[in-house]
Amino acid sequence: MATQVKGAVILARRAFVREEFGEDAWKLLLETLPEPDRELLDGFILTASWYPFELNNRLDAAIVEQLGAGDAAIFESIGSWSAKKNLAGPHKTFLTPGSPDRFMEMTDRIYNFYYDTGERKFEATGDNSGVMTTYGAETFSQTDCLTVIGWYREALKMCGASEVNIDEDSCRARGDEFCRYRLSWS
């Protein structure tokens, strides 16, 4: 079975494009995608339903090409934007204000909320640092990893962290065995 993502992931991208670039940008973006993708992406997407990761990947590629001028770094902004929206609203229960380390202890539960295969673990390496690793995901992409970086950077700030640094030193999209992120904050 192919990996799937929650509708919340796709909805965050759609809302980001509409809010940051406008409705016309969303329509132009859709025009670059195959007809079945256009119909689904512009239709009714349920937040808690599962959708093919490959659909999300095609949308991501279109966003990089059309709105990011070929630079995938736009996905760090999408991740940050998504964290602000979701963690201030429907996923607020994940936040641990004043305790970024407790938030990171929930990495596995947060991952399972958004993805249906694989796992993500966090191992503290100090009071304000650690390593987060994603194992066993059947599909992966550079844009998804950049979204993770932006999302966790913003989420940690929402928990009270400052000077958040996240570096991905291993990535399946680059041919590595797993995706590993080194985090630190003050």
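The values are calculated or read from the model by the stated rules, or taken from the named source; none is laboratory data. Predicted, not measured: the structure shown is a model, and the values here were computed from it. Virtual Cβ from ideal backbone geometry, glycine too; neighbours counted across all protein chains shown.
Here are a few things to note about the model shown:
- Test: residue in the stretch 112-124 that is farther than 22 Å from L55 by Cα, in contact with a helix residue (DSSP H, G or I) (Cβ under 8 Å, 6 or more places away or on another chain) and not in a strand (DSSP E or B): no
- For the stretch 100-132, taking the residues that are of a type in the set (V, I, T) and surrounded by fewer than 18 Cβ atoms within 10 Å (Cβ to Cβ), the one that is farthest from the chain's Cα centre (by Cα) is identified as T125.
- Among (1) in contact (Cβ under 8 Å) with a residue 12 or more places away in the chain; (2) not assigned by TED's automatic domain parsing to the domain that holds V148, the one test that D116 misses: (2)
- Scanning the stretch 2-49 for residues that are assigned to a loop (DSSP other than H, G, I, E, B), among the hydrophobic types (A, V, I, L, M, F, W, C) and either surrounded by 15 or more Cβ atoms within 10 Å (Cβ to Cβ) or in contact (Cβ under 8 Å) with a residue 40 or more places away in the chain (or both) yields A2, L33, I45, A48.
For every residue, the table says whether it meets (1) crowded, with 16+ Cβ neighbours inside 10 Å; (2) within 18 Å of F75 (Cβ to Cβ); (3) not basic (K, R); (4) not assigned by TED's automatic domain parsing to the domain that holds P52.
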{"position": "C145", "(1), (2), (3), (4)": "yes, yes, yes, yes"}
{"position": "M158", "(1), (2), (3), (4)": "yes, no, yes, yes"}
{"position": "A161", "(1), (2), (3), (4)": "yes, no, yes, yes"}
{"position": "E168", "(1), (2), (3), (4)": "yes, yes, yes, yes"}
{"position": "C171", "(1), (2), (3), (4)": "yes, yes, yes, yes"}
{"position": "D176", "(1), (2), (3), (4)": "no, no, yes, yes"}
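- Residue in the stretch 133-166 that is farthest from A88 (Cα to Cα), counting only those that are more than 15 Å from the chain's Cα centre (by Cα) and assigned to a strand (DSSP E or B): Y135
- Restricting the stretch 50-87 to residues that are in a loop (DSSP other than H, G, I, E, B) and in contact (Cβ under 8 Å) with a residue 24 or more places away in the chain, the residue that is nearest to G150 (Cα to Cα): A73
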